[in-house]
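The structure appears right after this line, and notes come after that.
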Amino acid sequence: SQLYFSDWVGAGFAFAGNDKPVSRIFTAKLKDYKAPKTPNLKTASDAELIKHLTGESSTIRLHAQQYLLQKKLSPQTIEQLTKACLNKKLSVNARTAILFTLKQALGEASHDTCKKLLADSSMREMALKALTDRKTQMTSVTPELITPYLKDADPKVRLQAFISLRRLNKFSTSASNAIIDA
């Protein structure tokens with residue numbers, strides 16, 4: 001809820017002299033803005049943490065994710081996270097936080113959800129990224145799964161597909177041809 005700006009005019013390694021401003025730090029706030037109350041995440045249930053994971057505050061999302069990842073997730077929690085991740089009514093930022101919560105908690109077991117998200121143009125880039133996020137968790141990922149996205153309409157998806165193929169390090173003839181054509 002605050003931005004900080006610095007002005008280093010006159011700053012340097014030499015003393016600028018008395019009565020000469022060397023640098024300043026400014027704070028900018030939105031007028032009449034009230035930050036949301038910070039919830040007590042330590043005592044929150046899994047359902048409450050998932051609710052916070054889908055909220056507007058990126059800071060609260062991050063902390064909710066960290067609390068979820070500190071414990072073993074129950075099958076019910078995994079199911080709730082998966083449903084929320086696939087919910088197109090939630091923001092892309094919230095769905096991305098949920099996707100990477102699943103990825104960190106489940107490893108390769110999250111790949112089924114990632115593959116479902118490939119059909120969703122708003123989440124395709126992040127799904128590709130999650131599929132090849134950990135080099136030790138790519139046994140079920142094939143070049144044929146990623147190659148079609150080298151021709152996606154979204155340039156960010158094309159770039160992520162290229163990065164994912166490179167991380168996979170298993171170029172097939174069709175993948176190589178698609179890279180050349182892209």
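Considering the stretch 94-143 alone, what residues qualify as being among the hydroxyl-bearing types (Ser, Thr, Tyr), open to solvent by 10 Å² or more (accessible area, probe 1.4 Å) and out of contact with any Ser or Thr (no Cβ under 6 Å at 6 or more places or on another chain)?
Residues satisfying the conditions are Thr96, Ser121, Ser122, Thr136, Thr139, Ser140, Thr142.
Looking at the stretch 50-70, is at least one residue in contact with a Leu (Cβ under 9 Å, 6 or more places away or on another chain), aromatic (Phe, Trp, Tyr) and in a helix (DSSP H, G or I)?
yes
Can you tell which of Ile146, Ile60, Ile78 is within 22 Å of Asn40 (Cβ to Cβ) and hydrophobic (A, V, I, L, M, F, W, C)?
Being within 22 Å of Asn40 (Cβ to Cβ) and hydrophobic (A, V, I, L, M, F, W, C) holds for just one of Ile146, Ile60, Ile78, which is Ile60.
Has the stretch 58-68 got at least one residue that is open to solvent by less than 40 Å² (accessible area, probe 1.4 Å), of a type in the set (D, E, K, R) and under 17 Å from the mean Cα position of the chain (by Cα)?
Yes.
The values are calculated or read from the model by the stated rules, or taken from the named source; none is laboratory data. Remember, predicted model here, so these are calculated numbers, not experimental data. Here Cβ is always computed from backbone atoms with ideal geometry, including for glycine, and neighbour counts include all displayed protein chains. Note: areas computed on protein heavy atoms with side chains; ligands, DNA, RNA excluded. Shrake-Rupley method; radii C 1.70, N 1.55, O 1.52, S 1.80 Å.
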